[in-house]
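The values are calculated or read from the model by the stated rules, or taken from the named source; none is laboratory data. It should be emphasised that the depicted structure is a prediction, and the values quoted were computed from it without experimental measurement. Ideal geometry is used to build each Cβ from the backbone, glycine not excepted, and the neighbour counts take in all protein chains shown.
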Amino acid sequence: MSGVREQVTEARRIVVKIGSSSLTTTDGGLAADRVDALVEALATSPAEVVLVSSGAIAAGLAPLGLPRRPRDLATQQAAASVGQGLLMRAYNDAFARHARVVGQVLLTVDDVTRRAHYRNAYRTLRRLLDLKAIPIVNENDTVATQEIRFGDNDRLAALVAALVDADLLVLLSDVDGLYTGDPSLPTSRAITDVHSFADLDGVDIRRPGRAGLGTGGMVTKVEAARIATTSGIPVVLAAAPQAAEVLTGRPVGTFFHRQRQRPQARLFWLAHATTPRGRLILDAGAVRAVVSRHASLLPAGITAVDGRFAAGDPVDLVDAGGVPVARGLVNYDAVELPPLLGRSTSDLAAELGPAYEREVVHRDDLVLL
């Protein structure tokens with residue numbers, strides 16, 4: 001590898017995610033030297049930086065006398081309650097030595113899946129950056145039941161990168177990049193660039209991180225890279241000790257090239273930051289109309305309705321085999337739809353009134369999956 005990654009050195013705003021195993025010792029306590037090394041790399045970067053940090057649960061293990069990451073939710077939340085304060089104190093002290101101010105931003109799943117919350121999170125992060133502070137984002141582990149299964153903050157980091165309109169996402173962990181197989185095997189080779197996710201066909205990414213401390217693995221990192229790159233944001237996957245090299249553009253780790261230009265923020269939110277409340281099963285003609293012609297979804301093309309949702313909720317549009325082809329904001333409540341299925345809008349308007357001469361999902365409120 002040689003040269004400098006210009007997409008890194010030219011980035012004006014960077015989101016950096018650090019995993020639990022890169023911040024803690026084997027017994028669960030925070031490793032001060034690791035925190036200091038990370039902070040030095042971030043504090044000296046000329047770019048605006050948002051840090052998405054795991055580690056609250058891991059940091060709370062030792063003070064509570066817990067030998068390993070607990071399996072039950074209540075104890076995980078108790079550990080997070082103790083560890084979050086310790087984690088922020090460590091960051092605050094380390095950044096203060098570089099005359100940098102930090103701000104804590106705790107998010108729940110709702111904050112990145114509900115549109116109004118999503119906008120509020122953006123305003124907070126944007127204002128912190130305007131004030132030259134470094135936002136430190138973490139899931140609110142003490143109250144969020146779904147976060148514990150949220151991919152060790154990898155997906156959250158990709159969503160935050162899109163939320164703040166970042167130019168780069170850096171995923172730091174205890175592995176120095178993506179390999180064709182188990183890195184400990186001599187037959188495995190490092191993958192330095194991913195231009196298309198077809199490049200990963202046949203690559204085993206199911207290896208977990210360091211056991212007992214984090215929840216994420218390579219699967220969650222590749223999925224986070226997919227979300228970011230399809231949103232126009234390149235991604236670097238590298239080991240935490242390589243943070244300074246990454247931010248100066250050195251070609252270390254694995255570089256995921258952006259897959260396309262940045263989509264509208266609204267459509268990104270719909271595709272990646274929403275949880276579908278139900279499903280609409282489409283016939284073959286409706287699938288072709290939605291996917292190939294980018295048409296709105298009409299009642300005539302729906303064969304069945306699944307789930308409980310209200311007008312305005314996100315729903316998945318699936319084919320006859322149950323495969324999601326699109327996601328959209330539905331214009332009807334779930335209980336209203338069954339009598340309308342298979343019927344034309346003109347017939348419905350004639351029988352039920354002009355209010356029923358409308359799309360089930362308008363094409364402007366629909367994104368292909």
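Of the numbered criteria (1) under 30 Å from Arg226 (Cα atoms); (2) surrounded by 19 or more Cβ atoms within 10 Å (Cβ to Cβ); (3) modelled with pLDDT under 95, the one Leu317 fails is (3). Only a single criterion out of (1) modelled with pLDDT under 90; (2) exposed (fewer than 15 other Cβ atoms within 10 Å of the Cβ) is not satisfied by Thr180, namely (2). Going through (1) aliphatic (A, V, I, L, M); (2) crowded, with 17+ Cβ neighbours inside 10 Å; (3) not assigned by TED's automatic domain parsing to the domain that holds Asp33 one by one, Ala311 falls short only on (2). Give the residue that is surrounded by the most Cβ atoms within 10 Å (Cβ to Cβ), with candidates limited to residues of the stretch 65-96 that are in contact (Cβ under 8 Å) with a residue 24 or more places away in the chain and charged (D, E, K, R). Checked the stretch 65-96; the qualifying residue surrounded by the most Cβ atoms within 10 Å (Cβ to Cβ) is Arg69. Filter the stretch 205-238 down to the residues that are among the basic types (Lys, Arg) and farther than 26 Å from Trp269 by Cβ, then identify the one that is modelled with the lowest pLDDT. By that ranking, first place goes to Arg210.
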